[in-house]
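The block underneath contains the structure these notes are about, expressed in structure tokens.
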Amino acid sequence: MAKYMDSAERAEENRTSAWTLLIVGSVGLVILVLGFFGIIPLPISGFSKYMFTGVMSVLFIVFIISGFVSMKKSKVYAEAASTEKDQKQQIIDWCVENHVAERINESLAVESIELSEEELYFKRAERLKHAVFAQFQSLGIEFLSDVADDIYDSLFED
């Protein structure tokens, strides 16, 4: 199963991709133009020179366009990241206000004596996910798992 990637991570990934594509595309175009006009010697002549220049120009222009598209997407993900952060904080506040950790521990009181730490973790995490999903039904499964993992330690500190 793939790890959930929150919007902040996606924004950063798109931003770095955008800069890489923009730099490679721009440098490539500059080198290509300098080579075409003979400032930088390229060992190509005749029809091959025009064919090579045309194909590579299209490739570098596609890189630049892709860079701008990635930059635009990174801005969209950055806006979504603040929404996700607010939503996570809302869920954490709800869990604390409604004593979710205490209720989960009470429901596992009889079982927890016989459970190992790992088994207790998985049972608590599963019940935490159910409690959060019951309150916030619009959450995606991946986001719910990510939130549950993020807030588990703060709720169940021993």
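What to note about this one:
- Cα-based equivalent ellipsoid of segment 59-111: semi-axis lengths in Å, sorted from largest, via gyration tensor: 46, 13, 4
- Three-way shape label, the chain, alpha-carbon gyration tensor, a/c 1.5: prolate
- Taking 24 Å as the straight-line reach from the Cα of residue 85, the lysines in range (excluding those fewer than 8 positions away in the same chain) are 3, 72, 73, 75, 129.
- Using all pairs of distinct alpha-carbon atoms, the Kirkwood hydrodynamic radius of segment 1-86 works out to 14.8 angstrom.
- The Cα atoms of segment 75-158 define a convex hull whose projected area, averaged across directions, is 5.8 nm².
- Considering only GluC sites (Glu not before Pro) in DSSP loops that have at most 12 other Cβ atoms within 10 Å, the longest stretch of the chain without any of them is 1-113.
- Between residue 82 and residue 121, the modelled labels are 3.5 nm apart [label points 7 Å from Cα along Cα→Cβ].
- With contacts taken as Cα pairs under 8 Å and at least 6 residues apart, segment 7-83 reaches a relative contact order of 60 percent.
- Vicinal HN-Hα couplings computed from phi for segment 54-59 (Karplus, 6.51 cos²θ - 1.76 cosθ + 1.60; Hz; Gly/Pro x): x, 5, 5, 4, 4, 4
- Helix 141-155 vs. the chain, principal-axis angle (Cα, 0 to 90°, nearest 10): 60 degrees
- Charge dipole (segment 16-132, unit charges on Cβ, about Cα centre) - positive-most of 28, 91, 18: 28
- Surface accessible to a 1.4 Å probe, residue 34 within the full protein complex, Å²: 60 Å²
- Largest-first ordering by accessible area, 1.4 Å probe, given options 51, 56: 51, 56
- Table column - 3J(HN,Hα) (Hz), segment 21-26, Karplus curve with 6.51, -1.76, 1.60, x for Gly and Pro: 5, 5, 5, 4, x, 5
- The relative contact order of the chain, computed from alpha carbon pairs under 8 Å that lie at least 6 residues apart in sequence, is 29 percent.
The values are calculated or read from the model by the stated rules, or taken from the named source; none is laboratory data. Because the structure is a prediction, the values reported are computed rather than measured. Here Cβ is always computed from backbone atoms with ideal geometry, including for glycine, and neighbour counts include all displayed protein chains. Remember, those area values only see protein heavy atoms, side chains included, never the ligands or the DNA or RNA. Shrake-Rupley method; radii C 1.70, N 1.55, O 1.52, S 1.80 Å.
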